[in-house]
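The next block holds one structure in the form of structure tokens; read it before the comments.
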Amino acid sequence: MRVFVEAATGIPVLVFTAALVVVVCFWLLVALGVTASGSFDADVDLDGWGMGGVPVAVALSVLTVLAWFLGVGASVLVALLVPSGAVTGLLRPVVSAAGLFAAWRLTCLSVRPLHRLFPDEPGSVRPLAGDRTA
């Protein structure tokens, strides 16, 4: 348990942990009716990042959760498999960056099926290549 807590609160995973706290607080405010889940939709367009078609809050929440899980998991593996020293200090940022990249790719893949659940989102209706109804 100590290794897990150290991994979740250690540098660089601490950035993911702080982001996860913000995401949880945001969704608690949404659940209490203080704010709307589409609060950020007018400000950000995620089509260029491959995460369009769903609300920004949903896409970034999925990205944050996946990045945190992958970052903590990779840090725990590094702590358990690699002896402590200079190599561990250099390896932690590398595996966290790789975890963030993997989380981004997994988020892109996981929001694609969610497009149908959010028909009002821009970018959610994409005509097929042979569709001539437009």
- Note on the structure: Those residues of segment 1-25 which are within 14 Å of the chain's Cα centre (by Cα) and among the hydrophobic types (A, V, I, L, M, F, W, C) amount to 13, 15, 16, 18, 19, 20, 21, 22, 23, 24
- Message: Restricting to segment 65-97, name every residue that is touching a Phe, Trp or Tyr at 6+ places or on another chain (Cβ under 7 Å) and not aliphatic (A, V, I, L, M).
- Response: 68, 71
- Residue by residue through segment 79-107, note down the ones that are assigned to a helix (DSSP H, G or I) and either touching a Leu at 6+ places or on another chain (Cβ under 9 Å) or acidic (Asp, Glu) (or both). 95, 96, 98, 99, 100, 102, 103, 104, 106, 107
- Search segment 1-60 for residues being open to solvent by 80 Å² or more (accessible area, probe 1.4 Å), of a type in the set (Val, Ile, Thr) and part of a loop (DSSP other than H, G, I, E, B), and hand back the single one that is nearest to residue 112 (Cα to Cα). 34
- Message: I'd like to check something: does segment 62-78 contain any residue that is within 19 Å of residue 117 (Cα to Cα) and either of a type in the set (Lys, Arg) or assigned to a loop (DSSP other than H, G, I, E, B) (or both)?
- Response: no
- Query: Residues of segment 67-85 being open to solvent by less than 30 Å² (accessible area, probe 1.4 Å) and among the polar types (S, T, N, Q), which ones?
  - Reply: 75
- Taking only pairs six or more apart or across chains, which ones have beta-carbon atoms under 8 Å, a first residue in segment 75-87 that is free of Cβ contacts under 8 Å to residues at least 40 places away in the same chain, and a second residue that is of a type outside the set (Ser, Thr, Tyr)? 77/95; 78/91; 78/92; 78/95; 82/91
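The values are calculated or read from the model by the stated rules, or taken from the named source; none is laboratory data. This is a predicted model, so every value here is computed, not measured. In this analysis, Cβ positions are derived from the backbone assuming ideal geometry, glycine residues included, and neighbour counts consider all displayed protein chains. Heads up: the accessible areas ignore ligands, DNA and RNA and are worked out on the full protein's heavy atoms, side chains in. Shrake-Rupley method; radii C 1.70, N 1.55, O 1.52, S 1.80 Å.
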